[in-house]
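Asks: Below you'll find the structure I mean.
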Amino acid sequence: MTEKRHLVVSITAHGYGHVAQTAPVLNALYRLMPDLKITVRCALEPEHLRSRIQAPFSHLAEPGDIGMLMSSPLDVRVAESCAAYRDLHAGWDRRVANEAQLLRDMQADFVFSNVGYLPLAGAVRAGISCAALCSLNWADIYRYYCGDDDIAAQMQSCYANAGGFLRATPGMEMSDLPNVLPVSPIAAVGRNRRAELDRLLRLPAGDRLVLVSMGGIASRLPVGRWPRMDRVRWLVPRCWQVDHPDAIEIESLPLGFSDLLASSDALICKPGYGSFVEAACSGVPVLYVSRANWPESSCLIAWLEQHGRCREVTRDEIEAGEVGGALRALWNLPNREPLEPEGTRQVADWLAAKLSA
């Protein structure tokens, strides 16, 4: 009897976008390799992981990589982030050695990271095949905020020494990585169940449902203070504790996030890979809040302008709920044909070939 291959997957907990990229790939890979053993290392709540990853997996709740420390979905704690990286890299060789031993103890056959670099460094040290998947890498993000120094060089080396960096579209350029393999968009595309929602909520014909999501980083929008907008209902997370006559808690509905997005009339969000690509692949227009001080934003926005329908609002406008005019302009834009997320199968096929070699 052939022993199961063991894929160890590290997913950063910097918001939900990294899970949104990784989960569809794991689901497609499991269909190709149903005997594959999968271990997911991630600090996000297991309920969220299991809502997105249908493939069977074991979960290790580990702190994971730093990413960037955030005070809100839009605000980076730059000084604290740079200090955290200095602490991490002060004992870098020891950390890599410990990671290598952990991966050996786990009997990993392949390490797949989105997009922490320590698992990649540990895999290389242990002689285990590895690869990264993401629309960004932390070396580029670190340089943007903290400068191009020895820490950035160490981070860059970890990514460059991996067996491949599958750069999801849309994504940052990463021209200085020799192992970049561009892949098409990746997304979990939900099913439009709007008729079912309308019956459940007893919505009159013509009422609009607007999904409001800030991507999993702890924060909330003051939707309770937003002015009422004729025939518009706001779908919001329960943890925001919104007291508004037109607010509906997402958790009260019998739909997963992808189906809920595909059933909505618009999405309000910050620029983020998962939100933008899932919306474009579901044919849902996007109202996004300005996030100029995040280096990935420009490539995401340029791509969505080309492939979807979108409008930008300011942070002040989103805080005050002054979005009526922007939403009406959004709904007046001509429809775009939803995209097929072909990158999902591309990455799954690539991983299956590596795991079967």
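Asks: Which of the cysteines in the chain are isolated, no other cysteine C-beta under 4.7 Å?
Replies: Result for the chain is C42, C130, C134, C158, C239, C269, C281, C299, C310, no neighbouring Cys Cβ within the cutoff.
Asks: Have a look at L74, L300, L60 and tell me which one the Gaussian network model of the chain (Cα, springs below 10 Å) gives the largest fluctuation.
Replies: Most flexible of the set in this elastic network: L60.
Asks: Return the whole-Å distance between the Cα centroid of the stretch 1-78 and the Cα centroid of the stretch 94-129.
Replies: Here the two parts' Cα centres lie 15 Å apart.
Asks: Would you calculate, for the chain, the mean residue ellipticity at 222 nm contributed by helices, counting each DSSP H stretch of 4 or more residues as -39,500 (n - 2.57) and dividing by all residues, to the nearest 500?
Replies: So the calculated ellipticity at 222 nm is -11500 deg cm²/dmol.
Asks: Can you tell me the FRET efficiency between N192 and H89 if r is taken as the Cβ-Cβ distance and R0 is 35 Å, rounded to the nearest 0.05?
Replies: 0.15
Asks: So how strong a dipole does the stretch 194-331 carry about its Cα centre when Lys and Arg Cβ are +1 and Asp and Glu Cβ are -1, to the nearest 20 debye?
Replies: 140
Asks: So if I place +1 on the C-beta of Lys and Arg and -1 on the C-beta of Asp and Glu, and nothing else carries charge, what would the dipole magnitude of the chain be about its Cα centre? I want it in debye, nearest 20.
Replies: Roughly 720 debye for the chain.
Asks: Using a 10 angstrom cutoff on alpha carbons, build the Gaussian network for the chain and name the most mobile of E47, E249, E317.
Replies: Largest GNM mean-square fluctuation: E47.
Asks: Go through L181, L200, G224 and say which Cα lies farthest out towards the positive end of the charge dipole of the stretch 142-257; charges sit on Cβ, +1 for Lys and Arg, -1 for Asp and Glu.
Replies: L200
Asks: Rounded to whole Hz and in sequence order, give me ³J(HN,Hα) for the stretch 101-107 from the Karplus expression 6.51 cos²θ - 1.76 cosθ + 1.60, θ = phi - 60°, writing x for Gly and Pro.
Replies: 5, 4, 5, 5, 4, 6, 6
Asks: Can you list which of the GluC sites (Glu not before Pro) found in the stretch 70-174 are DSSP loop residues with at most 14 other C-beta atoms within 10 Å?
Replies: E173
Asks: State the answer as a single residue: which of V124, N27, T169 lies farthest towards the positive end of the charge dipole of the chain, with beta carbon charges of +1 for Lys and Arg and -1 for Asp and Glu, about the Cα centre.
Replies: Farthest towards the positive end: N27.
Asks: Counting alpha carbon pairs within less than 8 Å and at least 6 residues apart, what relative contact order, in whole percent, applies to the chain?
Replies: Computed over the chain, the figure is 17 percent.
Asks: In whole Å, what three semi-axes, largest first, describe the equivalent ellipsoid of the stretch 194-331 built from its Cα gyration tensor (square root of 5 times each eigenvalue)?
Replies: 22, 17, 15
Asks: What trypsin sites (Lys or Arg not before Pro) does the stretch 21-104 have in DSSP loop regions with at most 15 other beta carbons within 10 Å?
Replies: Passing both the DSSP loop test and the Cβ count: R77.
Each reported figure results from applying straightforward, stated rules to the coordinates on display, with no laboratory input. Since this is a predicted model, take the numbers as computed values, not measurements. Don't worry about glycine lacking a Cβ; one is built from the backbone with ideal geometry, like all the others, and counts go over all protein chains shown.
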